[in-house]
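Working notes for the structure below.
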Amino acid sequence: MITCCNLISGCVAIVFALRLDPQMALLFIILGALFDFFDGMSARLLGVSSEIGKELDSLADDVTFGVAPASMIFAELSVLEYPEFIIGSMPWVVTAVPYIAFLVAAFSAVRLAKFNLDTRQTTSFIGLPTPANALFWGSLIVGFAPLLEQYRWFTPLVIIGIFISCWLLVAEIPMFALKFKHWGFRGNELKYGFIIFSAVVLVASIAAGAVTRQYHLCWSGFSIIIVAYVLISIFTQKK
């Protein structure tokens, strides 16, 4: 039931994304992430883990963390202005390019399938987790939408970002997980440090949005946190 709530949240997020309401879409992606967290916890506490649950969980995750953010990117690329060097003498490019966004949904599905079969990912991750990727794109689009829509040269950066995030989803890059074997500081320095860093960034972004009354900035902290997560994982991975 909880997993299906995740799936429904993803479906609602897709509807809001295609209605050009990215903030509500992001809210339902976050709601889906909460359901995703609690379905695993509930299954472990109740001892009711099953193969059906695992398959359903992957389906729900691809909808919420794959198709929903891809729909947000698609909607954003549909309204952004394109530099002349992209359009050239082919105006149809503006219509075709937004569909590149759905590569995120495809690579998220591959990422989830690999995760289900990979026994190395019990205490950490190999590749960018789909919820992190979804949170990055959702917060980027909501938090920086005015900036993205003001300058044409941001559009090719978004397109390049799609390919980079797709690669990160399936890359053989170890990434740490916030899973604790114990609550002591020793051995968990990286995790506690990242949590503190994330809290500071979120508070700073919310404060910036409130002070300037540009409330979209309140969401921008999540994208900064995900970028930091990837960079920290890359530079601290064991050789």
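Filter the helices (runs of 4 or more DSSP H) completely within the range 57-120 down to those with at least 1 residues that are more than 28 Å from residue 147 (Cβ to Cβ) and without any contact (Cβ under 8 Å) to a residue 24 or more places away in the chain.
Where helices (runs of 4 or more DSSP H) fall fully within the range 57-120 and carry at least 1 residues being more than 28 Å from residue 147 (Cβ to Cβ) and without any contact (Cβ under 8 Å) to a residue 24 or more places away in the chain, they are 103-117.
On the basis of being among the hydrophobic types (A, V, I, L, M, F, W, C), surrounded by 12 or more Cβ atoms within 10 Å (Cβ to Cβ) and touching a Phe, Trp or Tyr at 6+ places or on another chain (Cβ under 8 Å), does residue 224 make the cut? Quick ask: steps written out before the conclusion?
Values: among the hydrophobic types (A, V, I, L, M, F, W, C): yes; surrounded by 12 or more Cβ atoms within 10 Å (Cβ to Cβ): yes; touching a Phe, Trp or Tyr at 6+ places or on another chain (Cβ under 8 Å): no.
No: the conditions fail for residue 224.
Every residue, every condition in (1) part of a helix (DSSP H, G or I); (2) touching a residue at least 24 places away in the same chain (Cβ under 8 Å), yes or no:
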| site | (1), (2) |
| --- | --- |
| 6 | yes, yes |
| 17 | yes, yes |
| 20 | no, yes |
| 23 | yes, yes |
| 35 | yes, yes |
| 40 | yes, no |
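Taking the criterion of being among the hydrophobic types (A, V, I, L, M, F, W, C) and exposed (fewer than 15 other Cβ atoms within 10 Å of the Cβ), would at least one residue in the range 100-108 satisfy it?
Scanning the range 100-108 turns up no residue that is among the hydrophobic types (A, V, I, L, M, F, W, C) and exposed (fewer than 15 other Cβ atoms within 10 Å of the Cβ).
Considering (1) more than 19 Å from residue 36 (Cβ to Cβ); (2) modelled with pLDDT under 90, say which one residue 125 fails and leave the rest.
Checking residue 125 against (1) more than 19 Å from residue 36 (Cβ to Cβ); (2) modelled with pLDDT under 90, the one that fails is (1).
Would you be able to tell me the number of residues in the range 217-232 that are free of Cβ contacts under 8 Å to residues at least 24 places away in the same chain and touching a helix residue (DSSP H, G or I) at 6+ places or on another chain (Cβ under 7 Å)?
Going through the range 217-232, the residues free of Cβ contacts under 8 Å to residues at least 24 places away in the same chain turn out to be 224, 231.
If we keep only those that are touching a helix residue (DSSP H, G or I) at 6+ places or on another chain (Cβ under 7 Å) too, we end up with 224.
Here the count works out to 1.
The values are calculated or read from the model by the stated rules, or taken from the named source; none is laboratory data. Predicted model only: the values in this text are computed from it and were never measured. Cβ coordinates were reconstructed from backbone atoms using ideal geometry, including for glycine residues, and neighbour counts include every protein chain displayed.
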